[in-house]
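Everything on this sheet refers to the single structure shown next.
The values are calculated or read from the model by the stated rules, or taken from the named source; none is laboratory data. Note that the structure is a prediction, hence the values are computed from the model and not measured. Note: ideal-geometry Cβ built from the backbone for every residue, glycine included; neighbour counts use all protein chains shown.
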Amino acid sequence: MNSRRWLRLGAAAFLLAVPYLVAAQMAGNTVEPLTLEQAWALATARNKEVQMQRQQVAQSAELVKDRQNERLPRVTTSGSYAYLGGLTAFEPYAGLQNPERLAVPPSPHAYRLGVAADWEVYTGGRIDNQIATQAVNEVLETEHLALTASEVRLRVVTAYLDVQRNREYQALTVNNVKESEQRLKQIQALYKNGVVLRSDLLRAELQLSRQQLLLTEIGNTLTLTNQRLNLLLGTPEDQVNQLAPVSPPVAVLDNSYADYLNQAQAKAPELRVARQQTRLSELRLEATKVSKRPQVGLFTGYAYTYPNRLVFPNVSQIYGVGEVGVRVSYNITARWLDRHAEKAAEIGIEHQRIGQEKVLDDKRQEVKTAYVRYQETLERIRIAEQSIGQATENYRIVNSTYFNQLALLTDLLDADNQLLQARFDLVTAQTQAATHYYQLQKAIGLL
């Protein structure tokens, strides 16, 4: 995947995001729910981390072209002007005694205008190494872009699901507050008739106050998670997003852990980044061998000069002279002086190879964790669904017995809390299952 492909993908993502952006900014119009795919498109087009990395890819592509230009000859022009003084000579061993004015320049003005060209014909592979190094850098930045985009998409998923989870918490709590208000009215009526004690009334009021505080906390958390989502998408931070429901993840994973690990080894951007970093270390080792090879270059030039200072005394005339030649150089001491740099480059290669193995170990842990946690959350969902049924029946029984004066209010409030918590647990388990599913997709390089 090259830089042009990523730039095209970014442009395509932006075009996919435009309809939602336009709709979101049109006052008075109903905005369609934002799907997870649209959120990914927005993040790909507008997220600042992705934009910065996309610029890094474009910069690396330009630097490749810059290194390729090193193969071309360099042509320079130059000009100079000088004001000349008289020429004074002194006898040897006489110091500054008895100076002799030998000649007067024909003109106090001196000019020179010339053009020169220099072409490095053979550099021992230095230019080729620089081009190859920068090309690998471009690939590396492209892989970093893929990794950044994948990480941003995972954060978008997490924020998206957090917003949905807190909205479901909010809806459940609102219903619970309404039920508590209705229950409080019933208890107030019983208290007026002298059926229950004042302590029951106070406990019911305290329960309602706690639920109202919980509703406030959930609302604040929802505000913060919505802001986090907007910042990831590059939209106004206070924009209220209407989110489309996320399709529930698959009930059973299609492949085994070994299959997912094989996919990760083939597609995960972290491993591709590690391989490119190892390749860079190999090119650094090759670069240390360049100085041990001869350097060959061609040069030429032509210049006009006034006055003619090739003769003495100087002659008031303009003369032109050109030159063409070959330049050969060889660093004799490089074989001994560069051995430490070569050894350091060899150590760098081994360091990167070990680092590549560590990245693979980290990837194994990432895939295994997401794989196991996803299966765990599926079991949590099953248990949470059973718990809701049990808590609902328990609440129905205790609620009936309390108003028949056969149970304590504390039992009823506990049953109410258990039912709300069971509903929360189901929402939490469903959110965690979706999160772990997308973490697994990111781990194997498919997000």
Which residues, taken from segment 337-385, are surrounded by 15 or more Cβ atoms within 10 Å (Cβ to Cβ), under 30 Å from Arg423 (Cα atoms) and among the hydrophobic types (A, V, I, L, M, F, W, C)?
-> Val367, Ala370, Leu378, Ile381, Ala384
Looking at Ala274, Ala266, Ala287, which one is over 30 Å from Tyr169 (Cα atoms) and modelled with pLDDT of 90 or more?
-> Ala274
Just name the residue that is farthest from the chain's Cα centre (by Cα) out of those in segment 430-446 that are among the hydrophobic types (A, V, I, L, M, F, W, C) and crowded, with 20+ Cβ neighbours inside 10 Å.
-> Ala433
Looking at segment 196-222, which of its residues are of a type in the set (Val, Ile, Thr) and loosely packed, with under 13 Cβ neighbours inside 10 Å?
-> Thr216
Checked segment 37-69 for anything under 18 Å from the mean Cα position of the chain (by Cα) and acidic (Asp, Glu); matches are Glu49
May I ask you to say which residue of Ala370, Ala434, Ala384, Ala422 is among the small types (Gly, Ala, Ser) and either under 26 Å from Leu184 (Cβ atoms) or modelled with pLDDT under 90 (or both)?
-> Ala422
Filter result for Arg380 (touching a helix residue (DSSP H, G or I) at 6+ places or on another chain (Cβ under 7 Å) and of a type outside the set (Asp, Glu)) = yes
Restricting attention to segment 127-184, the residues that are among the hydrophobic types (A, V, I, L, M, F, W, C) and over 26 Å from the mean Cα position of the chain (by Cα) number exactly 6
In segment 421-441, is there at least one residue being over 30 Å from Tyr260 (Cα atoms), outside the structural domain of Thr148 (by TED's automatic domain parsing), among the aliphatic types (A, V, I, L, M) and in a helix (DSSP H, G or I)?
-> yes
Out of all the residues in segment 393-400, is one or more of a type in the set (A, V, I, L, M), modelled with pLDDT of 90 or more, surrounded by 18 or more Cβ atoms within 10 Å (Cβ to Cβ) and out of contact with any strand residue (DSSP E or B) (no Cβ under 8 Å at 6 or more places or on another chain)?
-> yes
Right, Pro249: surrounded by fewer than 18 Cβ atoms within 10 Å (Cβ to Cβ) and not hydroxyl-bearing (Ser, Thr, Tyr) or not?
-> no
Filter result for the condition that a residue is touching a residue at least 40 places away in the same chain (Cβ under 8 Å) and part of a helix (DSSP H, G or I), over Glu357, Glu366, Glu379, Glu350 | Glu366
Hits in segment 395-420 - residues which are of a type in the set (S, T, N, Q) and assigned to a helix (DSSP H, G or I) | Asn399, Ser400, Thr401, Thr410, Asn417, Gln418
Taking segment 222-278 only, how many residues are more than 30 Å from Gly348 (Cβ to Cβ), free of Cβ contacts under 8 Å to residues at least 12 places away in the same chain and in a helix (DSSP H, G or I)?
-> 7
Those residues of segment 122-175 that are part of a helix (DSSP H, G or I), of a type outside the set (D, E, K, R) and farther than 29 Å from Leu419 by Cβ come to a total of 24
Asn193 vs. criteria among the polar types (S, T, N, Q), more than 26 Å from Leu420 (Cβ to Cβ) and surrounded by 13 or more Cβ atoms within 10 Å (Cβ to Cβ) = no
Only one of (1) in a helix (DSSP H, G or I); (2) surrounded by fewer than 17 Cβ atoms within 10 Å (Cβ to Cβ); (3) at pLDDT below 90 fails for Asn331. Which number is that?
-> (1)
Of the residues in segment 279-310, how many are closer than 16 Å to Gln130 by Cα and of a type in the set (S, T, N, Q)?
-> 4
For segment 181-203, does any single residue satisfy the condition of being under 25 Å from Ile381 (Cα atoms) and assigned by TED's automatic domain parsing to the domain that holds Pro33?
-> no
